[in-house]
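Below you'll find the structure, written out as structure tokens, and then a few comments.
The values are calculated or read from the model by the stated rules, or taken from the named source; none is laboratory data. Just so it is clear, the model here is predicted, and its values are computed rather than measured. A quick note on method: Cβ atoms are made from the backbone with ideal geometry, for glycine too, and the neighbour counts reach across all protein chains shown. Protein only, heavy atoms only, side chains kept; ligands, DNA and RNA dropped before computing areas. Shrake-Rupley method; radii C 1.70, N 1.55, O 1.52, S 1.80 Å.
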Amino acid sequence: MQRKTIIAGNWKMNLLPAQAKELTTTLVKNNQKKENLEIILFPQLPLLEQIVTLTSDSFIQVGSQNSSHQNEGAFTGDTSPRLIHKIGCTYTLVGHSERRQFFKETEDLIIQKTQKAIDSNLIPMICIGETLQERESGNFQEVIKNQISSIYKNIPETIYQSLVFAYEPIWAIGTGKSASSKEAEDMHQFIRSSIQAFSNENIASKTSLLYGGSVKPENSSELLQQNNIDGLLVGGASLKIELFQKIIDSYSSKR
Ligand code: PGA
């Protein structure tokens, strides 16, 4: 079963409109559609419409870094997934570790956001990962398994096929210290077998699993060569065109 390769840039709270425009137009110019490759950009919310317009004649997809657990109503400061879809986005990140850590997002909220994203025709890219303390204590597999089980136990089976996961060990995010390709593949294997345990073999084999955490041109090819790593979620290195383009080009090592 061949899953598509996804290379995604999470811009976080970076880039002003002119910088975002330059980066996006260069990406559009330099990347023709390739079979089985998907590129996704996750800009800040006020830039979404601009980036959707700039990518409209390309195969580059756009997603939001966050979306509300509700579609409308008195939720000051939140953004409706229905609106995000309406302006042309196809994805939303859900439960990024920075949202869990700095904005105290709970498993319960993450389940609601996942459900609402799907109701609004957005593909939720659910971020999971363990802290350094959890990794060092040795029970990190349990932590990841609980994050996965909380999703599958609380959403209807009909939407299992619509989920994408990004495994991002928190100790590797923005630290320059990436998981080795062996560590990442071991975890991806574990994640896929956990998904199988909570759903079934068919779902597990079709679900895209991305790796994130200090991805750079130096490690992207080796990560992508691993059987269970279907793509990369790139933070810092997605802000620099020359670095992000090299990471996109390492897609060829997947073949
Ligand atoms: P990083 O961020 O590549 O800067 O480590 C990844 C992420 O948080 O998605």
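Give the residues of the stretch 172-230 that are in a loop (DSSP other than H, G, I, E, B), open to solvent by 20 Å² or more (accessible area, probe 1.4 Å) and closer than 18 Å to Ser149 by Cα, sorted by residue number.
Ser199, Asn200
Yes or no, residue by residue, for (1) within 19 Å of the chain's Cα centre (by Cα); (2) assigned to a strand (DSSP E or B):
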| site | (1), (2) |
| --- | --- |
| Asn66 | yes, no |
| Thr79 | yes, no |
| Gly88 | yes, no |
| Arg99 | yes, no |
| Gln115 | yes, no |
| Pro124 | yes, yes |
| Gln133 | no, no |
| Ile144 | yes, no |
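Kindly indicate whether Gln44 is within 16 Å of the ligand (Cβ to nearest atom), buried (at least 17 other Cβ atoms within 10 Å of the Cβ), within 18 Å of the chain's Cα centre (by Cα) and farther than 19 Å from Leu210 by Cβ.
Yes.
Could you list, in sequence order, the residues of the stretch 108-139 that are at pLDDT below 95 and either touching a His at 6+ places or on another chain (Cβ under 6 Å) or away from the ligand (no atom under 16 Å from the Cβ) (or both)?
If the condition is that a residue be at pLDDT below 95 and either touching a His at 6+ places or on another chain (Cβ under 6 Å) or away from the ligand (no atom under 16 Å from the Cβ) (or both), then Gln133, Glu134, Glu136, Ser137, Gly138, Asn139 are the ones that fit.
From the set of residues in the stretch 16-41 that are open to solvent by 30 Å² or more (accessible area, probe 1.4 Å) and in a loop (DSSP other than H, G, I, E, B), which is nearest to Arg99 (Cα to Cα)?
Filtering first and then ranking leaves Leu16.
Only one residue in Lys104, Lys12, Lys86 is within 26 Å of Ser214 (Cα to Cα) and open to solvent by 70 Å² or more (accessible area, probe 1.4 Å). Which one?
Only one candidate qualifies: Lys104.
Filter the stretch 151-171 down to the residues that are more than 16 Å from the ligand (Cβ to nearest atom) and in a loop (DSSP other than H, G, I, E, B), then identify the one that is surrounded by the most Cβ atoms within 10 Å (Cβ to Cβ).
Leu163
List pairs: first in the stretch 85-103 and over 18 Å from Leu41 (Cβ atoms) and touching a residue at least 40 places away in the same chain (Cβ under 8 Å), second within 16 Å of the ligand (Cβ to nearest atom) and open to solvent by 40 Å² or more (accessible area, probe 1.4 Å), Cβ under 9 Å, 6+ apart or cross-chain?
Ser97/Thr131; Ser97/Ile170; Gln101/Thr131; Gln101/Ile170
Applying the selection to the stretch 231-255, what residues are part of a loop (DSSP other than H, G, I, E, B), within 13 Å of the ligand (Cβ to nearest atom) and either hydrophobic (A, V, I, L, M, F, W, C) or surrounded by fewer than 21 Cβ atoms within 10 Å (Cβ to Cβ) (or both)?
Leu239, Lys240
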